[in-house]
Number of protein chains: 2
Amino acid sequence: LYPHTGGAFTIGVTGPTGTGKSTLVDKIIEEYRKRELSVGVLAIDPSSAFTGGALLGDRVRMMDHSLEKKVYIRSMASRGDLGGLARAARNTIRVLDAAGMDVIIVETVGAGQTEVQIASTVDATVVVLMPQLGDEVQAFKAGFAEIGDLFVINKSDIVNPAKTIYNIASGLQVKDGWRPPVLKTVAVKGTGIPAVVDSLEKFQKHLEAGGLREKRLRKRIESELVDAAFSDFYHQTVRRLGDQKELDSLVARVVKRELDPETAASRLVGIISKMGERA
Amino acid sequence: LYPHTGGAFTIGVTGPTGTGKSTLVDKIIEEYRKRELSVGVLAIDPSSAFTGGALLGDRVRMMDHSLEKKVYIRSMASRGDLGGLARAARNTIRVLDAAGMDVIIVETVGAGQTEVQIASTVDATVVVLMPQLGDEVQAFKAGFAEIGDLFVINKSDIVNPAKTIYNIASGLQVKDGWRPPVLKTVAVKGTGIPAVVDSLEKFQKHLEAGGLREKRLRKRIESELVDAAFSDFYHQTVRRLGDQKELDSLVARVVKRELDPETAASRLVGIISKMGERA
């Protein structure tokens, strides 16, 4: 499968809840379809460590598109395992990519650690905000500024978005020769959507022209390999630790307060290192 | 410091936002103070990977108590690094413990992965809910059921909490000889608080009587040591990987699609294992 990947342009759409991300994604899909490009969508729902199930209301709503030809939608619940989620997302993106999709949109709900991880799996990240979200957005701004290649102020008919646009634009810097644009939309009315897709296509050309896409891909692959390898190493080693007396003995000494946890942890690092040797 | 720990009874208070956790914690502190016990409080605020700063409104409000003698309050922002947060929380709990606090309350805001991690650092976990939170609580219930030793239906004057109590109680099981009670409170009015603290004291006795506290402590120490050791091993190894050509070469081959990511990751596991040997 993997040799057949690399053709799709992958877009992450993220931002706080309530900003209308799903509707915006719907409209972006429509716009790409008008331009005769095929679109795959991966919707990642937030899920506490507890639910497992997740809130898939958005998925149901997006089913309108999944009935269309050339739009493939898949939902994933996060299950609280962010590393695992990013890994599963990468593999699903590859399936959609190998299946010949021109564009793949990864929508994440909510904001936080997940977004950082998802931003590390796509070519372009769209951050969706709305006018005057206030302190919350102020707080998020700095971090979103780092991951966003394109900013969309949705619901910009509710209040004048000028102040929000100013606040966001003033916090952005040119990165790899690209100044992230700040666009306004009213997704429910379809207002501003062609400009968003124009910007995405412009960014796609920018990435490809400067060899930037491969440079970014190299960084992504590096962190993917490191994450996957350590995750596998962890699971293998924990299993083997369970068969041994060394961990039990360290735990017993810490419980008795003969040994402090930091010292015990550093001895365990030594044990882990030697287990690699015997592997 | 560590040899002086172990005297404090540690309580985690968790649950969805909007259930009045902070007010409940305030009242529990007051009740313990009436019983002439010293109380340390650690407030863990949710924080996206982005903000760093976090929303410390609750802390400010809780400062009323921090002016009191024998109540020590410390806030921590999570910074998106859950493993690091749990580690920092454990160490702060130990400082409060060694300082001679009788009771240490760890309050987490929001629900999710953080709660599971925090639940693994305390003796008792209180899950705060409110009547008819609806589907959201239904979804969370299963997972909360696993971590809760005591359930509090706060704001139980808004609507009749009978149905919520029934729903929750029916999902709970006897665990280590303890059936988690489901209590109702109106924290803003102080209603039901003595019963909550009575239950906590009863649970504390239950833990100590059956050797259960040490059994639980052993499990906590084990996961703490494993987490800390792997985290340290990871950071050491990633640093050393950066000095080597092997990772770069794997990445280059994956970028060229000569090698798929899963195969490359498993080769990297081999490299990591051998690095341990040379450590």
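Listed values, structure above:
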item: Residue check, B:Ala229 at pLDDT below 90 and outside any loop (DSSP other than H, G, I, E, B); result: yes
item: Residue count, the range A:240-256 (criterion: more than 9 Å from chain B (Cβ to nearest Cβ), open to solvent by 70 Å² or more (accessible area, probe 1.4 Å) and assigned to a helix (DSSP H, G or I)); result: 4
item: Flag if A:Ser199 is in contact (Cβ under 8 Å) with a residue 40 or more places away in the chain, surrounded by 13 or more Cβ atoms within 10 Å (Cβ to Cβ), of a type in the set (Ser, Thr, Tyr) and within 14 Å of chain B (Cβ to nearest Cβ); result: no
item: Filter result for the condition that a residue is closer than 26 Å to B:Gly7 by Cβ and part of a helix (DSSP H, G or I), over B:Ala169, B:Ala195; result: B:Ala195
item: Residue within the range A:3-24 that is open to solvent by 20 Å² or more (accessible area, probe 1.4 Å), modelled with pLDDT of 55 or more, in a helix (DSSP H, G or I) and within 14 Å of chain B (Cβ to nearest Cβ) present; result: yes
item: Test: A:Val196 is among the hydrophobic types (A, V, I, L, M, F, W, C) and within 27 Å of A:Val13 (Cα to Cα); result: yes
item: A:Val186 vs. criteria more than 20 Å from A:Phe144 (Cα to Cα), open to solvent by less than 30 Å² (accessible area, probe 1.4 Å) and not basic (Lys, Arg); result: yes
item: In the range B:216-239, the residues that are open to solvent by 50 Å² or more (accessible area, probe 1.4 Å), within 7 Å of chain A (Cβ to nearest Cβ) and acidic (Asp, Glu); result: B:Glu222
item: A:Leu207 being in a helix (DSSP H, G or I), open to solvent by less than 40 Å² (accessible area, probe 1.4 Å) and in contact with a strand residue (DSSP E or B) (Cβ under 7 Å, 6 or more places away or on another chain); result: no
item: Residue selected from the range A:25-47 under the condition within 14 Å of chain B (Cβ to nearest Cβ) and either open to solvent by 10 Å² or more (accessible area, probe 1.4 Å) or touching a Pro at 6+ places or on another chain (Cβ under 9 Å) (or both), by the criterion nearest to A:Leu150 (Cα to Cα); result: A:Pro46
item: Test result for B:Arg213, within 7 Å of chain A (Cβ to nearest Cβ), closer than 24 Å to A:Asp260 by Cα and surrounded by 14 or more Cβ atoms within 10 Å (Cβ to Cβ); result: no
item: In the range B:108-124, the residues that are under 24 Å from B:Asp176 (Cα atoms) and either at pLDDT 85 or above or part of a strand (DSSP E or B) (or both); result: B:Val122, B:Asp123, B:Ala124
item: Residue count, the range B:257-275 (criterion: outside any helix (DSSP H, G or I) and more than 7 Å from every other protein chain (Cβ to nearest Cβ)); result: 2
item: Conditions (1) modelled with pLDDT of 90 or more; (2) within 20 Å of the chain's Cα centre (by Cα): number failed by B:Thr185; result: (2)
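The values are calculated or read from the model by the stated rules, or taken from the named source; none is laboratory data. What you are looking at is a predicted structure, and each value in this text was computed from that prediction instead of being measured. Neighbour counts are summed over all protein chains in view; Cβ atoms, including those assigned to glycine, are modelled from backbone coordinates with ideal geometry. Remember, those area values only see protein heavy atoms, side chains included, never the ligands or the DNA or RNA. Shrake-Rupley method; radii C 1.70, N 1.55, O 1.52, S 1.80 Å.
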